[in-house]
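Reading through the structure tokens given below for one structure.
Each reported figure results from applying straightforward, stated rules to the coordinates on display, with no laboratory input. Treat the numbers as computed from the prediction; the structure is a model and nothing was measured. Here the Cβ is made from the backbone with ideal geometry for all residues, glycine too, and neighbour counts use every protein chain on show.
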Amino acid sequence: MRSLYLILALACCLVAPMCGAQDVLIVADEFHAMQVLAAHLEQDTKVHTRIVGQLEIPPSLASYRAVLVYLHGELQAGAEHKFIQYANDGGDLILLHHTISSRKRENKDWYNFLRIELPTKPFAEGGYAYFDPVAYQVVNLAPKSYLTTKHVVFDQKAAFTDPSDGAESTLSATSFPDTEVYVNHVLTGQRVLLLGMKYTDAKTGKVYMQDTAGWMLPAGKGVVFYFMMGHRAEDFDNAAYRQILDNAVEYQK
């Protein structure tokens, strides 16, 4: 009987490659911030982390319980397609900060896969732009979600206007000082909205409130998360954000 259980367990892992995976892979081109994040993840979730560059990505990612991506510069086509396959095959793909940025427009499949656009028209007409150094707030758009509530403690409240319908509410929030914000990401496909951002332009006084700071997108048999925060290593010390990332790594599809 014990042998039968072993055979069934092995069969489970053959059918579902993520079965029993405990290690987390971090693919980066800037490493200090990821070393900070890796230390947090190992302390909080007891996973083992490995940080690599794009040229060091293993041939298969199937054994990893989660893959985090933190790429400021070029996203190489080989890495791009490995990430897409990993998610479609059942993986937990977590994209951080500038893994969605103007440089990735050069990739053939990346933004089609993520169902997102960074408009190239002038910023005043709704085009994509980034600003740093700035401070901005992140608000909880999914107060019933395990991802944004399990052990997550937001230290502020913020008035927020829903960009889809203009509804006003007061939401749990936290702040990120001296960092970088992205404005006018355009989400073109259905997903679960997790976090919004509230940014005030110091020059004009205009307030931008958008539902793009964190989301979850089903992809094949797996899931993709995106979180806008992370320009500085100190962003990953924010207690609420740290716990949200723990929850994303531990997410069960």
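The modelled label-to-label distance for the pair E42/D165, using points 7 Å beyond Cα in the direction of Cβ, is 4.6 nm.
Adding -39500 (n - 2.57) for every DSSP H run of four residues or longer, then dividing by how many residues the chain holds, sets the calculated 222 nm ellipticity at -7000 deg cm²/dmol. Normalised by residue count, the range 75-193 yields a Cα convex hull volume of 143 Å³ per residue. Partners of K144 within straight-line reach, counting lysines whose Cα lies under 25 Å from its Cα and excluding those fewer than 8 residues away in the same chain: K157, K198, K221, K253. Volume of the convex hull of the range 110-169 (Cα atoms only), normalised per residue: 177 Å³.
For A219, the residues whose modelled amide H falls within less than 5 Å of its own, excluding neighbours fewer than 5 places apart on the same chain, are V224. If you wrap the tightest convex hull around every Cα atom of the range 167-253 and split its volume per residue, you get 126 Å³.
A Cβ-based charge dipole, computed about the Cα centre of the chain with Lys and Arg at +1 and Asp and Glu at -1, lands at about 640 debye.
Net charge near L96, counting Lys/Arg +1 and Asp/Glu -1 over other residues with Cβ under 11 Å of its Cβ? Residues near L96 contribute -2 overall. Principal axis analysis of the Cα atoms in the range 18-249 yields extents of 48, 38, 31 Å, listed in decreasing size. Among the trypsin sites (Lys or Arg not before Pro) within the range 148-211, those in coil by DSSP and having at most 12 neighbouring Cβ atoms inside 10 Å are K150, K203, K206.
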